[in-house]
Ligand code: C2O
């Protein structure tokens with residue numbers, strides 16, 4: 001294994017999409033940002049220099065960061081932000097992981113433009129568990145706003161109302177021909193007939209789960225969140241923000257020149273506002289003999305994929321149930337078979353009493369708040385990891401995060417007028433190596449909504465999933481402890497629940513939150529503080545000397 005060095009200069013750059021030119025934060029002037037490539041076992045060193053006026057941090061989403069929580073990146077969780085003119089070196093080793101992940105800014109909504117792929121190749125000489133693809137292509141989904149997103153979220157937090165939605169979804173930064181003034185900004189995947197391509201798909205969108213499909217082509221899912229899956233075919237893929245999915249695309253045996261649309265649009269449950277438009281790219285067989293028609297009507301005549309309807313929860317459930325770990329001798333699924341601690345968390349939107357002298361836009365004049373177990377997570381001003389490492393939690397966080405919902409109600413029925421959400425910075429403390437089972441129950445006050453929950457520092461096994469309220473007396477009997485998929489981000493189904501297991505073998509403080517940024521901003525998150533083990537190899541490493549100060 002080797003050490004790979006990268007330099008990320010965070011700087012402003014003019015970028016034009018949909019006929020709007022904006023100065024946006026970029027890495028090295030590129031949008032989307034550069035790709036990080038490493039092999040399993042390599043050390044990665046990224047020097048990040050901040051040349052913009054906003055504070056930044058970078059998160060290596062899905063990288064386990066064994067004992068190196070200081071390099072994880074979420075602002076005020078594991079580090080103070082990198083301020084204007086300052087720098088920080090992220091230094092971590094990629095252990096026992098290979099596949100597609102991504103990096104993104106992890107402060108406020110800065111990740112809307114600061115993101116890029118991470119490709120972890122297997123160790124030299126170790127093949128994929130599928131035929132070697134002819135080519136590998138990153139496909140990264142994002143969102144484009146014609147306006148300044150920091151202003152959008154600031155206003156949403158001030159008024160408690162839903163934020164403005166984006167103006168376009170994008171494929172590799174490009175909205176595609178179905179949007180006005182966007183024909184030139186279309187991603188083109190040029191392919192040869194009769195070949196296998198590996199598409200490394202990443203959902204870096206801020207606030208929407210997406211369906212993706214390529215007209216008249218089948219996709220074979222082979223990996224999710226950098227874990228090999230039992231391969232399965234599907235013409236449509238569901239990918240939530242924070243998830244990565246590798247698919248094999250087999251091109252047609254001989255079709256000398258033809259073009260097909262690939263497209264993605266939201267899977268949007270709940271009654272909130274969302275952008276129901278579609279980003280599209282072209283799958284172009286070489287040699288190209290085709291140029292994009294000039295009008296939308298002609299565009300629609302292109303062979304276009306069929307995507308499920310926006311709220312197709314049945315499709316989402318059936319797709320998710322097909323995702324299983326490879327679980328063979330070479331890649332066993334080490335599912336914890338016994339459990340030391342059980343938790344039951346409600347995740348969703350809720351309401352708290354409207355503070356006096358404020359007008360609130362929640363139901364019955366209440367204040368909207370997203371929460372886990374009725375606690376709306378408040379970011380501290382001292383990073384949690386620092387307080388935990390120094391043993392100085394006083395005034396920063398408390399350790400009384402509830403194991404179970406403090407005010408139970410019928411989570412998938414008519415909710416109470418007030419779900420009694422309070423603000424707090426509360427963590428669950430876990431002894432090293434605790435085997436954890438966590439059931440996350442979707443709740444909602446305005447129609448059920450799916451939430452992609454992301455856990456930092458870990459992969460977890462998705463052992464169960466169902467609709468309605470979780471029933472602790474019946475549901476565990478149906479858990480899959482043989483080949484459940486291992487993930488870092490799981491969609492908690494709209495009007496349902498999901499059960500995960502993980503072993504707390506990575507000391508540090510680890511954020512768990514909804515990867516819809518608006519929900520994180522509203523407080524849908526919590527943290528696990530995992531203590532050191534007894535052996536030296538089970539302890540969090542000391543902080544690097546250039547760790548930013550607040
Ligand atoms: Cu990809 Cu805490 O985030």
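Details
- Selected residue [closer than 28 Å to residue 95 by Cα, surrounded by 17 or more Cβ atoms within 10 Å (Cβ to Cβ) and away from the ligand (no atom under 16 Å from the Cβ)] from 462, 427: 462
- Within the range 43-67, the set of residues being in contact (Cβ under 8 Å) with a residue 60 or more places away in the chain and more than 16 Å from the ligand (Cβ to nearest atom) comprises 54, 66, 67.
- Residues that are touching a helix residue (DSSP H, G or I) at 6+ places or on another chain (Cβ under 8 Å) and within 16 Å of the ligand (Cβ to nearest atom) were ranked within the range 81-101; the one that is farthest from residue 120 (Cα to Cα) is 90.
- Residue 513 part of a strand (DSSP E or B), within 12 Å of the ligand (Cβ to nearest atom) and in contact (Cβ under 8 Å) with a residue 40 or more places away in the chain: yes
- Against the test of being outside the structural domain of residue 458 (by TED's automatic domain parsing) and either touching a helix residue (DSSP H, G or I) at 6+ places or on another chain (Cβ under 8 Å) or not in a helix (DSSP H, G or I) (or both), the options 358, 330 yield a single qualifying residue, 330.
- In the range 342-352 there is no residue that is modelled with pLDDT under 95 and part of a loop (DSSP other than H, G, I, E, B).
- Scanning the range 465-488 for residues that are away from the ligand (no atom under 16 Å from the Cβ) and within 21 Å of residue 313 (Cβ to Cβ) yields 465, 466, 467, 468, 469, 470, 471, 475, 478, 480, 484, 485.
- Yes/no for residue 491 being at positive phi, crowded, with 17+ Cβ neighbours inside 10 Å and within 16 Å of the ligand (Cβ to nearest atom): no
- Counting only strands (runs of 3 or more DSSP E) that fall entirely inside the range 162-205 and contain at least 2 residues that are over 26 Å from the mean Cα position of the chain (by Cα), the qualifying elements are 188-191.
The values are calculated or read from the model by the stated rules, or taken from the named source; none is laboratory data. The structure presented is a predicted model; accordingly, all values stated were derived computationally and were not measured. Quick reminder, even Gly has a Cβ in these numbers, built from the backbone with ideal geometry, and neighbours come from all protein chains shown.
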